[in-house]
1. Given a 10 angstrom Cα cut-off, can you work out which residue in Leu66, Leu307, Leu272 is the most mobile in a GNM of the chain?
2. Rounding to the nearest 10 and keeping the result within 0 to 90°, find how far the Cα-based axis of helix 312-332 lies from the longest principal axis of the chain.
3. Using a probe radius of 1.4 Å on heavy atoms only, what accessible surface per residue do you get for the chain? Whole Å² is fine.
4. Ignoring ligands and nucleic acids, what accessible area does Ser82 show with a 1.4 Å probe (Å², nearest 10)?
5. Among all the lysines, which ones have a C-alpha under 29 Å from Lys125's C-alpha, if same-chain residues fewer than 8 places away are not counted?
6. Given a 1.4 Å probe and every protein chain left where it sits, what share in percent of the accessible area of the chain is carbon and sulfur?
7. Once phi is turned into θ = phi - 60°, what whole-Hz ³J(HN,Hα) does the Karplus curve with 6.51, -1.76 and 1.60 give for every residue of the stretch 340-346, x standing for Gly and Pro?
8. Between Thr86 and Glu43, what FRET efficiency comes out of the Förster formula 1/(1 + (r/R0)^6) with R0 = 41 Å and r the beta carbon distance, rounded to 0.05?
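The values are calculated or read from the model by the stated rules, or taken from the named source; none is laboratory data. What you see is a predicted model; the values in this text were computed from it and never measured. Glycine also receives a Cβ, built like all others from the backbone with ideal geometry; neighbour counts cover every protein chain displayed. These accessible areas exclude ligands, DNA and RNA; they are computed on the full protein's heavy atoms, side chains included. Shrake-Rupley method; radii C 1.70, N 1.55, O 1.52, S 1.80 Å.
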Amino acid sequence: MLALEIIFWTSLGLIVWTHLGYPLATGLLARLRPHPVAKAQIEPSVVLIVAAHNEDTVILRRLENLLELDYPPEKLELVVASDGSTDRTNEIVQEIAAREPRVHLLDCERGGKTLAQNRAVRETKSELLAFTDANTEWQPDALRRLVENFADEDVAYVSGKLQLTASDGTNREGAYWRYELWLRSNESKLGSITAGNGAIYAVRRSDYLEDAAITGHDFALPFRLVQRGRRAVFEPAAVALEKESHDLEDEFERKVRMITRALRHVYTGSMLHRVPPIYALELFSHRLLRYETGVVHIVLLGTSVALIGQGLVFQIALGLQLAWLLFAAFGRLRIRVPGAGIAYYYLLVTVATLVGNYRYLRSGTPTMWEKAEGTR
């Protein structure tokens, strides 16, 4: 029974640490030992790359939004890297390019988002590289706010702030995302963030890394740049808007895809190589534990059942877990009970980690990406 008790307390401790202890510790350390970025108003040349696959419903609006950015026109180039689009995406981009010299279409064979981005980088020559998604909207000053961080020579990568707009569905991603952004802000103040966001980010051309097609920039670029002694930071003033998935079930599939793509770095252990101790703790607490939350929860539930006859503590622990599952069931059934929607969201995200691990172990990491329903 001693071994089971050790496993119980370890699993409980890991869950409490990743969701409560680590955020509080990070917030405290960010106040005690901040590492500010030396920002300044600079205007280097920028190429803004939109990787797109069959985005004819949004690509016109996306380019119009980017053409309105508050940045010197002669220093900004817009490239749509069309990843084997079979709809009217290419035609729409060409129509805009015919009247706007800053816009260019790069027609790529279908190979996945990262390969399309890599080709766009190779075929352009700007000082900075900025990236966004086809269904995102940037605030007019978003690019300027990203760029001013590159006045600091230590900064290689800057992620902006994605704000999710309500979809009038059952998704509860917005509440979680506000918590996540607060956590990233604290990580940035400490030194570097553990992940970026594909909707709004930029990187120095000299620091860009051509990753394999099976990985994405969101997770891989920040830690790989830190491994090279560079900084990856968060800029909350660079704001992008995006519609959240309509329903929790749509968000579930998106989470599974994201987790499956990131797990390659988790299973190989590559993300923990040659990084400072505090950053290694951040990666372990914010990434590795989050991607394995489902496994830890199953272990906690199993040991709680096995130890139910060993004392009140284990009985309370099991009761709380069952109550949480009941609340999640209320959320699934749309029963109006306070907290039920959040409980169901957390359950789906937890299950998504299990499905993501299963898919990765069975089939590896997918090279293609699919659009989340309801986000266009």
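1. Fluctuation is largest for Leu307.
2. For 312-332 against the chain, the angle is about 40 degrees.
3. That works out to 44 Å² per residue.
4. Number for this one is 0 Å².
5. Once the sequence-local lysines are set aside, what remains near Lys125 is Lys39, Lys75, Lys113, Lys161.
6. Roughly 60 percent of what the probe reaches on the chain is carbon or sulfur.
7. Each residue's phi maps through the Karplus curve to give 5, x, 5, 4, 5, 4, 5 Hz.
8. With a Förster radius of 41 Å, E is 0.60.
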